[in-house]
1. List the number of the failed condition for Val29; all other conditions in (1) in contact with a Gly (Cβ under 8 Å, 6 or more places away or on another chain); (2) β-branched (Val, Ile, Thr); (3) without any contact (Cβ under 8 Å) to a residue 24 or more places away in the chain hold.
2. Looking for whichever is more than 30 Å from Tyr120 (Cβ to Cβ), in a loop (DSSP other than H, G, I, E, B) and open to solvent by less than 50 Å² (accessible area, probe 1.4 Å) here; the options are Val79, Val34, Val93. Which one fits?
3. Could you pull out every one of the helices (runs of 4 or more DSSP H) wholly within the range 159-227 that has 1 or more residues that are modelled with pLDDT of 75 or more and more than 21 Å from Ser54 (Cα to Cα)?
4. Scan the range 53-76 and give yes if some residue there is of a type in the set (S, T, N, Q), at pLDDT below 90 and surrounded by fewer than 18 Cβ atoms within 10 Å (Cβ to Cβ), otherwise no.
5. Check the range 131-142 and report whether any residue there is over 22 Å from the mean Cα position of the chain (by Cα) and surrounded by 13 or more Cβ atoms within 10 Å (Cβ to Cβ).
6. Residues of the range 13-46 being within 27 Å of Phe263 (Cβ to Cβ) and of a type in the set (S, T, N, Q), which ones?
7. Condition check: open to solvent by 20 Å² or more (accessible area, probe 1.4 Å) and either touching a Gly at 6+ places or on another chain (Cβ under 7 Å) or closer than 18 Å to Asn38 by Cα (or both). Does Leu277 satisfy that?
8. Go through the range 37-52 residue by residue and tally those that are surrounded by fewer than 21 Cβ atoms within 10 Å (Cβ to Cβ) and farther than 13 Å from Met255 by Cα.
Amino acid sequence: MANITGFVEMYVTNLDEEMGDRVKYGLVVTACLVLLLNGISLRALNRTRNTPASARFLSSALLVFDFVPNLLYAVRKFVIHFKYSMVIQFIGVGWSFLAYLNIAIMCVERLMIFQWPNFYLRRVSSQVFRKISLIMWTVYLTTWTLSVGHCFVIYNSNFLSGNCSDDVIEKIVFLTCPITTIFSCSCLVKIAFIIRKHTKKVKNKSSTLKNNKSTIVVYMCFMNYLLTTFIYIVIMFITVDNNLLRRILMDALMMFNSLLDTFVYVLWYKECRMEVLKMFAVICPSLNTKIERMRVSVFDVMTFSSSNFKERKDNLTP
């Protein structure tokens, strides 16, 4: 979720400098912890083998789009010059809104799998999907950068007045959120009907849930962004006359959103949890026993105890 606060209001002071030291450093420390968890989750997700390639790629991208803005907003708190602070703010906002676009791409990818499975398997390889996604992200970032750059050129002498931010918000931000949200919601509703129709034909409901884990993750991420957007709107209404409080709440909201995205992957994918434990097993070897049990469960590894071995040997004896 984008942290728009910091340039939507017409002010000419660096709000990060107006924060008390406790608040500022508290937010920075929290951001560092969130970044650490985000990085661990990203690393663990990319070490998994059972996660579909396209789902792993798009999920990793979403975590990156959470990571970069949080990093930039943490750095921004130490930038004294207001103009440079605004530049970092704009870059962070551009990256954070890529998450909305990414959610829409994830929904389309899931819909194609359910609606046109044969076409998806024959025509849409993971390499093709990566190229299409990269092109869309690049076009969006380029459009955002050119719009911001154009504003800075036009309002160079008075860009702090808010005119630049108003232009960018009206042209891009207020189009991105509603369009991607409505589009994503339409795809997910269609997927829900397809899954429901398929579920009626099978007796084992648990198998349906197990086979659609990647799709359920997309649902959870989408609900997370709906929740974050709702909270954002509430914050905007309750902090109309308090820009500093709005900045603090929006920074906290950005970290909260990133934390939820991280927990979705670590807590939902068992293999991802196993990879996280592997990282910590370096400093805590006692975790290896639990990791082995999880490995057997994740990969359906056949284990043989002495009794099992004896039974198998008896069966092979004529």
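The values are calculated or read from the model by the stated rules, or taken from the named source; none is laboratory data. Source: prediction; values computed, not measured. In this analysis, Cβ positions are derived from the backbone assuming ideal geometry, glycine residues included, and neighbour counts consider all displayed protein chains. We work out accessible area using only protein heavy atoms, side chains counted, and drop any ligands, DNA or RNA first. Shrake-Rupley method; radii C 1.70, N 1.55, O 1.52, S 1.80 Å.
1. If we test Val29 against (1) in contact with a Gly (Cβ under 8 Å, 6 or more places away or on another chain); (2) β-branched (Val, Ile, Thr); (3) without any contact (Cβ under 8 Å) to a residue 24 or more places away in the chain, just (1) comes out false.
2. Working: Val34 fails: in a loop (DSSP other than H, G, I, E, B); Val93 fails: in a loop (DSSP other than H, G, I, E, B).
Val79 is the lone residue from the list that is more than 30 Å from Tyr120 (Cβ to Cβ), in a loop (DSSP other than H, G, I, E, B) and open to solvent by less than 50 Å² (accessible area, probe 1.4 Å).
3. 174-199
4. Residues of the range 53-76 of a type in the set (S, T, N, Q): 54, 59-60, 70.
Filter once more, so that each one left must be at pLDDT below 90: 54, 59.
Those left that are additionally surrounded by fewer than 18 Cβ atoms within 10 Å (Cβ to Cβ): none.
For the range 53-76, residues of a type in the set (S, T, N, Q), at pLDDT below 90 and surrounded by fewer than 18 Cβ atoms within 10 Å (Cβ to Cβ): absent.
5. no
6. Thr30, Asn38, Ser41, Asn46
7. Yes, satisfied.
8. The total comes to 10.
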